[in-house]
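Notes for the one structure printed next.
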Amino acid sequence: MRRCWLRGAWFILFASLAGIPTIHALEYGLNFDNRTEIRHRGTDNSFSYSQQDVFRLWLRIHPAEAFRLDAQGAAGFEPGEDAFPDLEVLSLSGLVPFASGVFGYELGRTVLNVGDGLLLNHPVDALILQYGRGLVSMRVGAGYFGLLRKESVSLIASAADQSDAADEDQFFAPRRMVSFFEIGFPELLGLHSPLLGYVRQDDLRASSGAERLDTQYLVAAIAGPVSRSWYYRLLGVGGLLEHQGADTDPETREGYFYFGDITLDWFPNERTRVGLGARFGSGEDGDVVAYAPISEPPNGTVFQPGLGNIAKLSLGLDRRVLAGAREEALRGLAMGIDAAVYMRTSEAAIRETGLSSTAGAGYLGTEGLVRLAFRPFSDVGMTARSGIFVPNRGSDGFDKDGRGDVQWMSRLEFSLAL
């Protein structure tokens, strides 16, 4: 009953706010997202079902280029769970002319993206400054994760962080800080745009005897066209991990890690995209440790092994099926097919369980995915996708009694913007 009341209260609040008349330099809206999913995990024929509804109310006040206020609140509902509102964005930002260039700032809670999301893509309370002039652009900033709700974070975690996450009396996320500097050269080499960056993540636990996990990263990237229909992007990350154990296990360990990602896209016509991709994350091997991003993006749909100690080769096709249709609504129909091969880069563990005790580095399995998306209008969208993962069941793969069976999933997503 309580969950039903909360669901109704949120709907009434959002619907009421959506009826506010517009004024100059004010934008607002209500977004609704629904996701329903069923999975077969390949273990004892076990199935899992999940369903989630998320309401997001956003507001933007933008009277001038030098001042913009963005705010976004969200409330998610899942069967058997209490609803809890969350503040996802609350920031001030702006752009002003400065020294023959453009200076920009952003202060508050925002989503910080570094390394195309393969290093960091996460909400954070931050101050970000940027400056651009001619062929040079710079960005510098620092942020703190410790004021976020622990349920809303997906950050690199130590054993102490995992203990805090299980503590019902602990409300906030781990006390971690991130700082970064980037310098880019837009279209410096013809139409090719290189970028260099440095990122540091610090554990701010106050107790001198507490476990600490700090990381540093160097980032290099370049993107541009190969020809009129071919485009590429290269990303490389190298870093250092420093782990200081707690008083009960005070061992200090340092290790190096690296990560590379290559994408190549071909657009034979305005309706079609063919994508090739390859990525490689270091694994445990002597002084080398598994690649450890600050926040980890999905590295698969059915099979989700993370980025560390994993190599992946992928091929994808996207096509707007009815792009030439007379009815505009039908032009929003698109389909996609993806395939990926996963390999382990060292004999160390990966996020997924069920590997054979005799397994070494090598082939893990193949994933296939089919999706159909339909967006008849700009504010309404639906996506259906189904995928399958066929694991390697050899002596160097998954145990038959573990995750050795075929895994599959189906997901239906619906979005509405008001």
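The values are calculated or read from the model by the stated rules, or taken from the named source; none is laboratory data. These figures come from a predicted structure and were not determined experimentally. FYI the Cβ positions are ideal-geometry reconstructions off the backbone, even for glycines, and counts take in every protein chain you see.
Quick notes on this one:
- Cβ separations smaller than 6 Å between residues 6+ apart or across chains give the following pairs from the stretch 271-296 residues that are closer than 30 Å to Leu322 by Cβ to residues that are in a strand (DSSP E or B) and among the small types (Gly, Ala, Ser): Gly275/Gly316; Gly277/Ser314.
- For the residues Gly76, Gly104, Gly80, the requirement of being touching a Phe, Trp or Tyr at 6+ places or on another chain (Cβ under 8 Å), closer than 30 Å to Ile388 by Cα and small (Gly, Ala, Ser) singles out Gly76.
- No other residue among Glu88, Glu65 is in contact with a Pro (Cβ under 7 Å, 6 or more places away or on another chain) and at pLDDT below 95 apart from Glu88.
- Test: Ile262 is free of Cβ contacts under 8 Å to residues at least 40 places away in the same chain and among the aliphatic types (A, V, I, L, M): yes
- Failed condition for Leu13, given (1) modelled with pLDDT under 85; (2) surrounded by 15 or more Cβ atoms within 10 Å (Cβ to Cβ); (3) in contact with a Phe, Trp or Tyr (Cβ under 8 Å, 6 or more places away or on another chain); (4) within 26 Å of Val153 (Cβ to Cβ): (3)
- From the list Thr301, Thr383, Thr366, the one residue that fits, being of a type in the set (Ser, Thr, Tyr), assigned to a strand (DSSP E or B) and under 24 Å from Phe414 (Cα atoms), is Thr383.
- Selection count, the stretch 72-86, where residues are part of a strand (DSSP E or B) and surrounded by 16 or more Cβ atoms within 10 Å (Cβ to Cβ): 7
- Filter result for the condition that a residue is under 17 Å from the mean Cα position of the chain (by Cα), surrounded by fewer than 20 Cβ atoms within 10 Å (Cβ to Cβ) and within 21 Å of Ile222 (Cβ to Cβ), over Pro293, Pro297: Pro297
- Matching residues, the stretch 16-56, being modelled with pLDDT of 75 or more, within 29 Å of Thr301 (Cβ to Cβ), not in a strand (DSSP E or B) and not charged (D, E, K, R): Ser46
- The residue list Leu69, Leu90, Leu95, Leu112 contains one member that is under 19 Å from the mean Cα position of the chain (by Cα) and not in a loop (DSSP other than H, G, I, E, B), which is Leu112.
- Looking only at residues in the stretch 260-274 that are over 16 Å from the mean Cα position of the chain (by Cα) and buried (at least 17 other Cβ atoms within 10 Å of the Cβ), the one that is farthest from Thr345 (Cα to Cα) is Arg273.
- Scanning the stretch 301-310 for residues that are over 14 Å from Gly117 (Cα atoms) and surrounded by 20 or more Cβ atoms within 10 Å (Cβ to Cβ) returns Val302, Phe303, Gly308, Asn309, Ile310.
- Every test in (1) touching a helix residue (DSSP H, G or I) at 6+ places or on another chain (Cβ under 8 Å); (2) among the acidic types (Asp, Glu); (3) within 17 Å of Ile183 (Cα to Cα) is passed by Asp86 save one, and that test is (3).
- Scanning the stretch 405-414 for residues that are modelled with pLDDT under 85 and among the polar types (S, T, N, Q) turns up nothing.
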